[in-house]
Amino acid sequence: MNISKAAWKPSEEQKKKTKLFSFMKKNGYEDYGEFYQRSVEDISWYWGAVAEDMELRWKKPYQQVLDRSGGPMWPRWFIGGSLNISESCLDKWVDDPAMRQRPALVWEADDGQVQTWTYNELWREVTRVATGLSSLGVERGDRVAIYLPMIAENVIAMLAIARIGAIFTPCFSGYGAEAVAVRIQDCEAKMVITADGFLRRGKVIPLKEEADKAVHQSSSIEHVVVVRRLGREIPWQEGTDIEWDQVRREMKPLPAVEMDASDPFMIIYTSGTTGKPKGTVHTHTGFPIKAASDAMYGMDVGKGDVLFWMTDMGWMMGPWMVFSALLAGSAMLIYEGTPDYPQPDRLWGLVERHQVTHLGISPTVIRSLMKYELTWATDHDLSYLRLIGSTGEPWNPEPWWWLFAEVGKHNIPIYNYSGGTEIAGGILGGNLLKPLYPCSFSGPLPGMDADVINMAGDSVRGEVGELVLRQPWVGMTKGFWRDPKRYEQTYWKSETGIWVHGDWVEIGDEGEWMISGRSDDTLKIAGKRLGPAEVESILVDHLAVLEAATIGVPDPIKGESAVCFVVLRTKVADTEKVKAELMTLVSDRLGKALKPQKVMLVSELPKTRNGKILRRLIRSAYLGEKLGDVSSLENEQALVEIQQLKLKNS
């Protein structure tokens, strides 16, 4: 498993067929290195060229690509321009006779039923729902929480909300009520769109009941719109609850609301290391353009392609898939279920049935499928598949090679992709004009002025350093919702104007970039980012708990799992019962996918003299790693106790 040699090399013919090469040539470049250099030396030129190439539907043309007068933290893009992103996603294609009847959205349910919407049909549905939401009093700037499973109505709701100038907040369908309520409360959502439930591995998963609990904690909600996915009996609140079919009953011409280029259309939450989740604010000309540029020029997604990312709309890659596919004129496939139900070949069957050209997975998915016989994958016709995208967490060599060599037969490039919710896409990615190395990235994406620096702030090569961005980009979050100071403190070294992303990265001898982990305490569980404070705040709600700390540890399937360390208020007779109660508490509130691997009881947590819990040292002690600098530690005995607990339980 040699990861230092290129595994895939494009032919000259393959290079020249890519959208990236065509885009470069259109702008006078055939050498990628020269093109990339220009894209970061003159970011106004680059992002202006991207917007022009996408042929966005502007209501009022912009006069200037970029205004830096607010400093690097607060750039303004496409000054003077106005549009509504829903028109570039739908109306533009509906007005094109060659495109309007092409598939835009394909949905496959857990139980196998399939529905397809053409661009014209999707436009009609979005217009219906937009009309209905307007009649319910949803106006420009209002926030609407979407708490739906992976069903077509999720996509339709996003586009309808954007169309009327409102702002949607997507919530992970696996969240419990507590996590949804925190997001509703923070953005003061006026409405929640949810479903009676959905299917997962053949079982009914109730959703309306969790939505009701979240709404009960949220004073801003006026209406709850309910999609009848299953037709099951659910609690109903007259005057508040409204049927989805009632909302979408009328088809009236509804021009999209004209929005300034910098107006927000989405608030999507990402977890931090302290405090509540962060509401990243994304604009009509930010997130969609960045996402689609990565898909089109990075992954070569275009008209007639089928893009399928195994994700949830509550995670960044869900909306990323929606706006990437529609701006590129391709179709998206969304899937309600899991990759190995009812049989281990479900994922590969999806690819074959729907002739998927671009498949997106996480390493966790591949690790979970490797345990089955290879024939579950290879018995399917994967000939339409041109690229496999991967994001969410770092690879290890064995599953990467299994996917590339055994499933893809060395022919399908694996496009490694890493960025974040606050990025609106990737910082680092593959490059279909260059050789691809196992488990690594080709480098920064065009327009992303990325670097790796040491503690002194100097650029470094051949050693691990901090991933930073030296200039703004289209898609950069417009701060955190009503919390600009926290945004500045989270990402920026204000004295230098450098964005600090929170990843440790090393650049190899061949120019390949490798991510070695997070430089902050954020956990990534099966590709989902989770702040330790979110787990800890739930644990301390238990009457027996005094304080708690949560770390991420390697997991062979999920990539990373949570391990929680808890200090009890008093001694208890049945410690195993308390641990089980705490595991259930986290699972109920955040969802089963984020259930901790273990809860461990300790007498104290390692802290600094000013009371800060040192999660880095907890993790090192638990994993048996070198502790490093412990000069700020007040109570070293706490680490010894954790080390002993690990030995006792291993």
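Note on residue 482 and residue 570: their simple-model spin labels are 4.0 nm apart, each label 7 Å out from Cα toward Cβ. Taking 17 Å as the cut-off, no amide N atom of the range 432-463 comes nearer than this to a point 7 Å along the Cα-to-beta-carbon line of residue 374. Charge dipole of the range 204-361 (Cα centre as origin; +1 on each Lys and Arg Cβ, -1 on each Asp and Glu Cβ, all else neutral): 140 debye, rounded to the nearest 20. Treating r as the C-beta distance of residue 73 and residue 604 and R0 as 56 Å, the FRET efficiency rounds to 0.90. In a Debye calculation with equal point scatterers on the alpha-carbon sites of the range 375-423 and no solvent, what is log10 I(q)/I(0) at q = 0.17, 0.19, 0.28, 0.29 Å⁻¹? Result of the Debye calculation: -0.57, -0.68, -1.13, -1.18. One decimal place: the segment residue 493-residue 580 gains 27.1 nm when fully extended, by the rule 0.36 nm per residue minus the C-alpha distance.
Values of log10 I(q)/I(0) for the range 380-508 across q = 0.12, 0.13, 0.14, 0.21 Å⁻¹ run -0.54, -0.62, -0.70, -1.25, by the Debye formula with one identical scatterer at each alpha carbon and no solvent. Considering only 426, 385, 402, and ranking their Cα positions along the charge dipole of the range 371-447 that arises from unit charges at the beta-carbon of Lys, Arg, Asp and Glu, the one farthest toward the positive end is 426.
Amide H contacts under 5 Å for residue 555: 560, 561, restricted to partners 5 or more places along the chain or on a different chain, H placed in the peptide plane at 1.01 Å from N. Once a ≥ b ≥ c are taken as the square roots of the eigenvalues of the Cα gyration tensor of the chain, is the result rounded (a/c under 1.5), prolate (a/b larger than b/c) or oblate (a/b not larger than b/c)? Judged from the Cα gyration tensor, the chain comes out rounded (a/c under 1.5).
Close amide-amide hydrogen proximity is noted between residue 168 and 144, 266, 267, each under 5 Å apart and 5 or more residues distant or on a separate chain (H modeled in the peptide plane; Pro and chain starts excluded). Within the range 541-650, the GluC sites (Glu not before Pro) that combine a DSSP coil assignment with at most 16 other C-beta atoms in a 10 angstrom radius are 604, 625, 634, 636.
How would the range 443-488 be classified by its alpha-carbon gyration tensor: rounded, prolate or oblate, with rounded meaning a/c under 1.5 and the a/b versus b/c comparison settling the rest? Oblate, since a/c reaches 1.5 and b/c is not below a/b.
Determine the shape class of the range 519-615: with a ≥ b ≥ c the square roots of the Cα gyration tensor eigenvalues, call it rounded for a/c under 1.5, and otherwise prolate if a/b is greater than b/c, oblate otherwise. Oblate shape, in that a/c is at least 1.5 and b/c is the bigger or equal ratio. Shown for the range 1-120 is the translational diffusion coefficient from the Stokes-Einstein equation, using the Kirkwood radius over Cα pairs, a temperature of 25 °C and a viscosity of 0.890 mPa s: 134 µm²/s. A Förster distance of 45 Å, applied to the separation of the beta-carbon atoms of residue 409 and residue 637, puts the FRET efficiency at 0.20. Working note: 222 nm ellipticity from helices only, DSSP H runs with n ≥ 4, each -39,500 (n - 2.57), summed and divided by the residues of the chain, gives -8000 deg cm²/dmol to the nearest 500.
Peptides 281-289, 360-368 ranked from most to least packed give 281-289, 360-368, packing being the mean of other C-beta atoms within 10 angstrom over each peptide's residues.
Considering only 487, 559, 603, the residue lying farthest towards the positive end of the dipole of the range 484-612 is 603, judged by Cα position with unit charges set on Cβ. Of all beta bridges that DSSP places with both ends in the range 64-184, some 65 percent have antiparallel geometry.
Using Cβ point charges alone (K and R +1, D and E -1), the dipole size of the chain about the Cα centre works out to roughly 280 debye. Ranked by the mean number of other Cβ atoms within 10 Å of their residues, highest first, the peptides 100-108, 87-95, 24-32 fall in the order 87-95, 100-108, 24-32. Distance between the pseudo-spin-label points of residue 232 and residue 25 (7 Å out from Cα toward the beta carbon): 5.4 nm. Here the chain has 48 percent of its accessible surface on carbon and sulfur atoms, given a 1.4 Å probe and all protein chains in place. Backbone phi angles across the range 562-574, fed through the Karplus curve with coefficients 6.51, -1.76 and 1.60 (θ = phi - 60°), yield HN-Hα couplings of 8, 10, 10, 10, 10, 9, 8, 5, 9, 5, 10, 6, 10 Hz in residue order; Gly and Pro are listed as x.
Once the C-beta distance of residue 246 and residue 95 is scaled by a Förster radius of 35 Å, the resulting FRET efficiency is 0.75 to the nearest 0.05.
With protein chains left intact and a 1.4 Å probe, residues in the chain average 39 Å² of accessible area per residue. Dipole size of the range 419-535 about its Cα centre, with +1 on Lys/Arg Cβ and -1 on Asp/Glu Cβ: approximately 540 debye, rounded to the nearest 20.
The values are calculated or read from the model by the stated rules, or taken from the named source; none is laboratory data. Model, not experiment: these values are computed from the prediction. When we count neighbours, we look across all protein chains shown, and the Cβ atoms used for this are built from the backbone with ideal geometry, even at glycine. Accessible surface is based on the protein model in full, side chains and every heavy atom, while ligands, DNA and RNA are left aside. Shrake-Rupley method; radii C 1.70, N 1.55, O 1.52, S 1.80 Å.
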